[in-house]
Amino acid sequence: MTMLSEAGSVTPPISEQEWIRILRRIEDHMVIPVIGEHLTTMKRADSSQELGLAAYLGTELGLGGEPPRSLNDLAFRYLQENPRGIEDLYVAIYDALRTAKDFPLPIPLKQLAEIRDFNVFVTTSFDPYLAIALNEVRFNNRLSGSTRVLAYERNREVDIPQKYKELDYPVVYHLFGRAQAAPLFAVTDEDVLEFMHTLQAPECQPPHLSEALRDQRLLILGTRLTGWLTRFFLRVSSAERLSKARRADYLVDDSANADREQALFFEHFGEVKVLPITATSFIDELSRRWRVRHPEVGAAPTSPGTSVVPPTAGEVFISYASEDLAVATKLRERLEREAGVRVWLDREALRGGDQWERRIADTLKSCAVCVPVISANVKSGSFRYVRVEWQEALRLRSGKRADADFVLPLVADDTRPDDPALDPEIRALHWRRLQDAEDMSRFISDVQTSVHRSRPQ
């Protein structure tokens, strides 16, 4: 896209000097991309036509007439045809999102994933495709668990596990929730308003993420943050008034100049550079320029039969019964916060259609510690796959160095170590108990020691 100057000559929307400045800031890890659903373009299996996320979901949900123009429009149309209530819409959206291996990923998301200087991605969209693109581009396996996926929740703190500068693996943070079979993510404008209302309270802001958004430059691309909502989001993510912040954020929006009031606002009250170009065109040019500067970077090859999980997938494997997910999630948060280790949970890392038995085995091999969460739940039913995981961990334990504590059981209830329903090899190990504060402190210290011992020196 180009613009006409007052003299009638054609000028580029972004100067060469500005491009150099943007690229240098990205390479210095000073920029966090904030992306939205407008970067998610989809194709149906029976058509070559590209659709935006709202239009694609409209066809998948069988809505008649013109395709929805926005997610808010999608919700209104759905309610007109399905008056039972809006909660069914969230389940329908979750079911309509495809993650099959042959599903064509949106090109802008793959281009952003190629830029290795981006490690933290904040998305205002609920769809899973950015994380899948990161896994495909950086780890050569779109169903890998190597990209950490987090989603803001209004009733509890969900934060990135480390300070921004300390992260050495990609993180996708869903600021307005992540698609699930419950109305806990933003579809309507009213949903977005509620998330923004919660985020504006300092006590509801995730500390590490808030610090990252406050200290780094933001690159806003293809979001539904328009007009006053853009200004409000920038203020929420800033430590002080925008007129004093001097943070030099970027807003990529080809329609921004048409909003004269907003342009004047940023000109006089905020150090925000408005780039009048479409988000997809900007990403395409950014990708081209970054590749020129980094020709040596490419996806790591994966040979047939090799592990599909890179070393950065996780350092601690938590193995648990599905009923103990809440326990495993809290344990992961403590290990990451107090021990500074990366934790792998299959509920977050696995996707539909994954070859999960192979994935579990490969992930166990790459981890330094396996933590079996023992409870009465693992004894229920005639078969529990969690016990197969334990057997695999015990098999791998025999090949580990003698001073490596590879399997560290943690018991979540009053299950006894001599319980005959458990395998003898598990009963023979030293158990820690979740309810014992002193025992838990020693457990976290032991996990930290084992992980550090396994890291390359």
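Listed values, structure above:
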item	result
Residue in the stretch 39-51 that is in contact with a Lys or Arg (Cβ under 7 Å, 6 or more places away or on another chain), of a type outside the set (S, T, N, Q) and over 21 Å from P108 (Cα atoms) present	no
Hits in the stretch 272-324 - residues which are modelled with pLDDT under 85 and hydrophobic (A, V, I, L, M, F, W, C)	V272, V274, V297, A299, A300, V308, V309, A313
Selection status of D419, over 15 Å from A321 (Cα atoms) and part of a helix (DSSP H, G or I)	no
Selection within the stretch 422-452 - in contact (Cβ under 8 Å) with a residue 60 or more places away in the chain and assigned to a loop (DSSP other than H, G, I, E, B)	L434
Near pairs, Cβ below 6 angstrom, 6+ apart or cross-chain, from the stretch 286-297 (at negative phi) to any residue that is outside any helix (DSSP H, G or I) and surrounded by 12 or more Cβ atoms within 10 Å (Cβ to Cβ)	W290/I115; V297/R116
Total residues in the stretch 148-158, condition of a type in the set (K, R) and part of a loop (DSSP other than H, G, I, E, B)	1
Search result, residues across the stretch 321-330 that are in contact with a helix residue (DSSP H, G or I) (Cβ under 9 Å, 6 or more places away or on another chain) and assigned to a helix (DSSP H, G or I)	S322, E323, D324, L325, A328, T329
Members of the stretch 159-211 found to be assigned to a helix (DSSP H, G or I) and under 26 Å from E87 (Cα atoms), listed by number	D189, E190, D191, V192, L193, E194, F195, M196, H197, T198, L199, C204
Single residue of the stretch 339-384 satisfying the filter (under 19 Å from the mean Cα position of the chain (by Cα) and in a loop (DSSP other than H, G, I, E, B)) that is modelled with the lowest pLDDT	G352
Matching option when the condition is surrounded by fewer than 17 Cβ atoms within 10 Å (Cβ to Cβ) and either in contact with a Ser or Thr (Cβ under 9 Å, 6 or more places away or on another chain) or assigned by TED's automatic domain parsing to the domain that holds K165 (or both), among E27, E87, E37, E66	E27
Top-ranked residue of the stretch 439-450 - restricted to ones that are modelled with pLDDT of 85 or more and either surrounded by fewer than 17 Cβ atoms within 10 Å (Cβ to Cβ) or not assigned by TED's automatic domain parsing to the domain that holds I374 (or both), ranked as farthest from D405 (Cα to Cα)	S441
Residue list for the stretch 29-61, restricted to those being without any contact (Cβ under 8 Å) to a residue 12 or more places away in the chain, assigned to a loop (DSSP other than H, G, I, E, B) and of a type outside the set (S, T, Y)	A45, D46, Q49
Filtered residue count, the stretch 104-126, keeping only those that are more than 25 Å from L199 (Cα to Cα) and touching a strand residue (DSSP E or B) at 6+ places or on another chain (Cβ under 9 Å)	9
Output for the stretch 402-415, where each listed residue is of a type outside the set (S, T, N, Q) and either at pLDDT below 90 or surrounded by 11 or more Cβ atoms within 10 Å (Cβ to Cβ) (or both)	A402, D403, A404, D405, F406, V407, L408, P409, L410, V411, A412, D413
V187 vs. criteria of a type in the set (V, I, T), out of contact with any strand residue (DSSP E or B) (no Cβ under 9 Å at 6 or more places or on another chain) and surrounded by 21 or more Cβ atoms within 10 Å (Cβ to Cβ)	yes
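The values are calculated or read from the model by the stated rules, or taken from the named source; none is laboratory data. Since the model is a prediction, treat every value here as computed from it, not as a measurement. Note that we place each Cβ from the backbone using ideal geometry, even for glycine, and neighbour counts take in every protein chain shown.
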